[in-house]
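The values are calculated or read from the model by the stated rules, or taken from the named source; none is laboratory data. Predicted model only: the values in this text are computed from it and were never measured. For neighbour counting, all protein chains shown are included, and Cβ atoms are generated from backbone atoms with ideal geometry for every residue, glycine included.
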Amino acid sequence: MIAALLVVVVVLLLGALALAAASVRVLREYERGVVFRLGRVMEQRSPGLVLLIPAIDRMVRVPLRTVTLRIPAQEVITRDNVPVRVTAVSYFRVIDPIRSVVEVEDVFAATAQIAQTTLRSVLGKVELDALLAERERLNERIQQILDEQTEPWGIKVTIVEIKDVEIPERMQQAIARQAEAERTRRAKVINAEGEFQAAAKLADAAAVIQPNPITIQLRTLQALTEMSGNAGSTVVFPLPLELLGGRAAAGADAPNQAESAPARDRSLAPPRAESSVGDPDPKEEPWPPPQPPWSSASRPRTRAVPSAATAEPTSST
């Protein structure tokens with residue numbers, strides 16, 4: 001009899017402990033509890049010790065931490081008919097535990113599926129260039145659409161980032177050629193702009209130098225001084241055209257002066273005595289004196305016409 005009573009007491013104690021364990025729950029700081037009493041939603045339970053009625057109350061734990069959702073690679077055809085593979089990542093968290101349990105069966109699976117479909121839908125409406133260059137705008141657009149669609153479930157989508165865009169190899173080569181051509185075009189444009197600016201500066205410099213012609217000679221001497229620092233260099237000295245023009249003009253005037261001078265001297269010289277034979281005296285120096293070969297007399301000259309004082313009279317028969 002006593003043994004039977006002991007067995008009954010032990011069973012009752014074990015049942016009480018089981019009921020106590022079933023009626024006591026502990027929630028962490030990042031968790032919230034949604035309690036159903038006989039299938040009816042009760043108030044939300046906060047972190048700490050939670051007491052439930054055994055066999056009547058049922059509690060669902062809902063984490064509030066941010067969840068990282070990795071969107072698998074999606075086959076997308078862009079607006080310009082280029083097939084690409086896009087992978088992305090999304091961050092979201094639960095802001096309404098009751099709606100996240102009541103409105104949708106599995107909130108995490110539902111968010112993952114809607115993220116995949118939204119990614120394909122948004123990227124299929126843009127061209128490849130926009131997909132590669134405007135990721136920030138596309139990320140904001142996808143995040144806005146996901147947030148609007150998951151808001152009735154008590155979900156807040158905070159960030160959506162496109163991780164990688166895989167392009168076919170042929171398309172990569174075409175993009176590389178396009179980029180090379182674009183760089184070449186920019187280089188030519190920049191070179192042309194540089195030539196235009198240099199020409200404008202040279203024109204300004206010419207306007208400054210024009211009032212003082214000696215400035216260009218000083219600039220030439222300065223350039224020669226700079227080039228003379230290297231002993232192994234060959235310097236070609238540019239002779240100013242103005243200097244050549246001055247020498248040519250002086251050389252052209254010299255023969256006329258040389259020819260006119262003997263004519264004037266001949267008119268003033270006394271008449272020479274002729275020998276009986278008719279040949280000039282060998283002791284007499286010829287007039288005018290012979291000119292050296294390097295003088296201006298070797299150049300073509302005009303014959304001086306003797307004046308009336310030196311002209312010999314002609315006898316008429």
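Observations on the structure shown:
- Only one of the numbered conditions (1) under 37 Å from the mean Cα position of the chain (by Cα); (2) assigned to a strand (DSSP E or B); (3) among the aliphatic types (A, V, I, L, M) is violated by residue 126, and that is (2).
- Residue match in segment 94-102 (condition: farther than 12 Å from residue 157 by Cβ and either assigned by TED's automatic domain parsing to the domain that holds residue 26 or touching a helix residue (DSSP H, G or I) at 6+ places or on another chain (Cβ under 7 Å) (or both)): yes
- Neighbours by Cβ (under 9 Å, 6+ apart or cross-chain): first from segment 85-109, touching a residue at least 24 places away in the same chain (Cβ under 8 Å) and farther than 30 Å from residue 169 by Cβ; second among the basic types (Lys, Arg) and in a loop (DSSP other than H, G, I, E, B): 93/65; 94/65
- Against the list (1) in contact (Cβ under 8 Å) with a residue 24 or more places away in the chain; (2) in contact with a strand residue (DSSP E or B) (Cβ under 8 Å, 6 or more places away or on another chain), the condition residue 56 fails is (1).
- Test result for residue 79, within 44 Å of the chain's Cα centre (by Cα), surrounded by 13 or more Cβ atoms within 10 Å (Cβ to Cβ) and among the charged types (D, E, K, R): yes
- Yes/no for residue 26 being within 19 Å of residue 102 (Cβ to Cβ), in contact (Cβ under 8 Å) with a residue 12 or more places away in the chain and in a strand (DSSP E or B): no
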